[in-house]
Amino acid sequence: MRFVSSLGSALAMALIFAAGLPAVAEETGDPQMGARLAQDVCVECHAVDLDDTVSLNFAAPPFQVIADQPEITPLALSVWFRSPHPTMPNFVLAPDENQNIIAYILSLREKTE
């Protein structure tokens with residue numbers, strides 16, 4: 001569970017950073033488009049489907065694990081996507097693509113509640 005603690009630390013830093021940002025309306029995306037993009041881009045490392053529990057890359061959390069963390073918000077994920085991560089490839093996605101993936105990740109939470 002080393003991965004979960006490092007993810008938690010990174011998310012804590014993202015939340016601290018986000019706390020200093022001015023309040024803005026949270027953007028929303030299209031979860032279906034996010035699911036398709038995740039299948040094209042993220043699946044190489046992450047388990048992206050609702051029923052997938054093991055990622056191809058052990059260091060890459062399944063999307064469901066990310067979605068199930070209570071501190072995960074659209075803002076936290078948005079900050080996460082905009083921050084460099086040494087263990088993650090440097091994908092350059094358009095802002096709407098990021099929002100679509102965020103919407104998809106958060107939709108996984110709704111499917112398990």
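Structural remarks
- Sorting 107, 83 from the fewest to the most surrounding beta carbons within 10 angstrom yields 83, 107.
- Each peptide in 90-97, 72-79, 44-51, 60-67 receives the mean, over its residues, of other Cβ atoms within 10 Å, and ordering these scores from highest gives 60-67, 72-79, 44-51, 90-97.
- Kirkwood hydrodynamic radius over Cα pairs of segment 50-97, then Stokes diffusion coefficient at 37 °C and 0.692 mPa s, in µm²/s: 267 µm²/s
- The convex hull built on the alpha-carbon positions of segment 25-113 has an orientation-averaged projected area of 5.5 nm².
- Residue 91 versus residue 51: modelled label distance in nm, points set 7 Å from Cα along the beta carbon direction: 2.3 nm
Rule-based calculations on the coordinates, nothing more; no lab input. Bear in mind the structure is a predicted one, so any value in this text is a computation, not a measurement. Neighbour counts are summed over all protein chains in view; Cβ atoms, including those assigned to glycine, are modelled from backbone coordinates with ideal geometry.
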